[in-house]
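Before any comments, here is the structure.
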Amino acid sequence: MSKLVRANTAPKQKGGKEMLDYSKVDFSKILKRYDVEAQNETTPEAIAAAMLPKDPVLNKVADCVLYMKFKEVGPATAEALKSKDALDIINNGLVVGMECVAKLYAEHIYYLPEIMMAAKTMEIGIALAEKQIPGGRSTKGTVVMHAAEGDPHDIGKNIAAVMMRSSGYTVIDMGKDVAVDDVVAKVKEVKPFMVTGTALMTTTMTAFPRAASKLVAAGINIPFMAAGGAVNRDFSESFDLGIYSEKAPQTPPIADKVLEGYDWKKIRAEWDDIVGA
Ligand code: B12
């Protein structure tokens with residue numbers, strides 16, 4: 001640390017006493033913001049260089065999501081569709097851009113507004129690309145997705161829905177804060193092979209066992225995937241039908257197994273292998 005200087009040049013106070021001369025003090029060595037220093041170690045540019053696709057066409061699409069260029073993502077996706085497969089653009093362009101955003105969020109470089117704007121930007125691109133997916137959304141099977149009764153958090157659910165659509169599933173997205181009885185009624189109506197719920201609040205996660213027990217009472221035996229930050233595997237497997245998914249990208253591989261004939265008990269038993277845990 002620099003020493004304070006009591007030099008002849010130091011200004012004198014009234015009464016002849018010397019004042020401390022701060023002019024030669026290097027304050028950066030005294031006052032240190034460790035949090036800011038940590039933030040400065042990583043930049044969006046560094047994460048982009050490490051994570052964004054090298055292919056220039058996909059890179060441009062992912063870049064739009066990373067930097068929330070919602071006016072440019074449409075034209076960039078349309079341009080990419082001239083030379084690339086729609087699923088390639090979604091999975092290796094738009095979603096990769098969102099993965100960079102998630103990384104920046106985890107590093108405390110991006111915050112909630114950026115997450116929401118980037119998600120909207122990604123959705124614009126996906127909506128455009130999805131129109132080009134052969135066979136539309138009904139190629140594999142139908143899943144009902146929702147955020148729990150009382151829960152307004154739907155970003156993770158939206159990402160999982162995108163993963164499911166881009167893997168060829170039809171998604172009935174019931175939105176957020178969906179009443180338990182509405183979920184049960186929708187399942188009876190559309191007869192999906194699986195239902196998913198998202199809860200980010202400990203006060204809302206109890207909606208899942210309530211919904212699942214109503215399904216069981218109605219003789220419906222499909223897996224009920226309980227996901228979102230509020231739940232863990234123990235909770236999700238604590239009631240009949242319940243299975244867990246920690247991350248949105250784990251949804252399609254689990255769904256593929258359900259279509260192969262795995263019931264909720266077999267999914268639980270082989271969960272680690274299925275998601276590559
Ligand atoms: C964004 C946000 C909001 C937004 C939600 C916007 C939206 N459309 O979703 C708004 C501003 C509305 C909001 C409101 C509130 N929020 Co809030 N919010 C958050 C925040 C900051 C980020 C959540 C998020 O979207 N993360 C990004 C996504 C990508 O992550 P994710 O959802 O976890 O998803 C990942 C996994 O969980 C999983 N996943 C999630 N869903 C699904 C679904 C499937 C099928 C699968 C497979 C996987 C999956 O996959 C994703 C990764 O791949 C969290 C803090 C946090 N650290 O989580 C608080 C947080 C969830 N909120 C919280 C609270 C308390 C509230 C409020 C009650 C605050 C208040 N007092 O008013 C209100 C709700 C009021 C109400 N009842 O209406 C608390 C919940 C605490 C608790 N344990 O109960 C949190 C944890 C903040 C905190 N630390 O206190 N919030």
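What follows is calculated from the coordinates using simple rules that are stated; it is not laboratory data. Keep in mind the model is a prediction, meaning the values are calculated, not measured. Cβ: placed from backbone, ideal geometry, glycine included. Neighbour counts: every protein chain shown.
Go through the range 162-201 and give me each residue that's away from the ligand (no atom under 11 Å from the Cβ) and hydroxyl-bearing (Ser, Thr, Tyr). Please lay out each step first, then the result.
Here is the first cut: in the range 162-201, the ones away from the ligand (no atom under 11 Å from the Cβ) are 165-170, 172, 174, 178-193.
Result: SER166, SER167, TYR169, THR170.
A quick yes/no check of all residues on (1) surrounded by fewer than 17 Cβ atoms within 10 Å (Cβ to Cβ); (2) touching a residue at least 12 places away in the same chain (Cβ under 8 Å); (3) not aromatic (Phe, Trp, Tyr):
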site: VAL190; (1), (2), (3): yes, yes, yes
site: LEU200; (1), (2), (3): no, yes, yes
site: ALA211; (1), (2), (3): no, yes, yes
site: MET225; (1), (2), (3): no, yes, yes
site: ALA230; (1), (2), (3): no, yes, yes
site: ASP234; (1), (2), (3): yes, no, yes
site: SER245; (1), (2), (3): no, yes, yes
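With the range 213-277 as the region, which helices (runs of 4 or more DSSP H) entirely inside it contain at least 1 residues that are among the hydroxyl-bearing types (Ser, Thr, Tyr)? Explain how you work it out, then say what you get.
Details: elements: 233-236, 251-260, 264-275.
Where helices (runs of 4 or more DSSP H) fall fully within the range 213-277 and carry at least 1 residues being among the hydroxyl-bearing types (Ser, Thr, Tyr), they are 233-236, 251-260.
Taking only the range 97-118 into account, find how many residues are within 14 Å of the ligand (Cβ to nearest atom) and surrounded by fewer than 21 Cβ atoms within 10 Å (Cβ to Cβ).
Looking only at that region, the number is 14.
In the range 59-136, which helices (runs of 4 or more DSSP H) lie fully inside it and hold 2 or more residues that are closer than 22 Å to PRO44 by Cα? Reasoning before the result, please.
Details: elements: 73-81, 86-89, 95-106, 112-130.
Once the helices (runs of 4 or more DSSP H) in the range 59-136 are filtered for at least 2 residues that are closer than 22 Å to PRO44 by Cα, what remains is 73-81, 95-106, 112-130.
Going by what's in this entry, would ASN158 be described as part of a loop (DSSP other than H, G, I, E, B) and either in contact with a Leu (Cβ under 8 Å, 6 or more places away or on another chain) or within 11 Å of the ligand (Cβ to nearest atom) (or both)? Let's see the steps before the verdict.
Working: part of a loop (DSSP other than H, G, I, E, B): no; either in contact with a Leu (Cβ under 8 Å, 6 or more places away or on another chain) or within 11 Å of the ligand (Cβ to nearest atom) (or both): yes.
The answer is no for ASN158.
Considering the range 104-120 alone, what residues qualify as being of a type in the set (A, V, I, L, M) and over 12 Å from CYS64 (Cα atoms)? It would help to see each step written out before you state the result.
Here is the first cut: in the range 104-120, the residues of a type in the set (A, V, I, L, M) are 104, 106, 109, 112, 115-119.
Correct list: LEU104, ALA106, ILE109, LEU112, ILE115, MET116.
Within the range 48-58, which residues are farther than 19 Å from ARG165 by Cβ, in a helix (DSSP H, G or I) and hydrophobic (A, V, I, L, M, F, W, C)? Write out each step before concluding.
Applying the first criterion (farther than 19 Å from ARG165 by Cβ) to the range 48-58 yields 48-57.
Okay, now just the ones that are also in a helix (DSSP H, G or I), so 48-51, 56-57.
Listed by number, the residues that qualify are ALA48, ALA49, ALA50, MET51, VAL57.
Exactly one condition in (1) under 19 Å from the mean Cα position of the chain (by Cα); (2) in contact (Cβ under 8 Å) with a residue 24 or more places away in the chain; (3) closer than 25 Å to ASP181 by Cα is false for GLN250; which is it?
Here GLN250 clears every test but (3).
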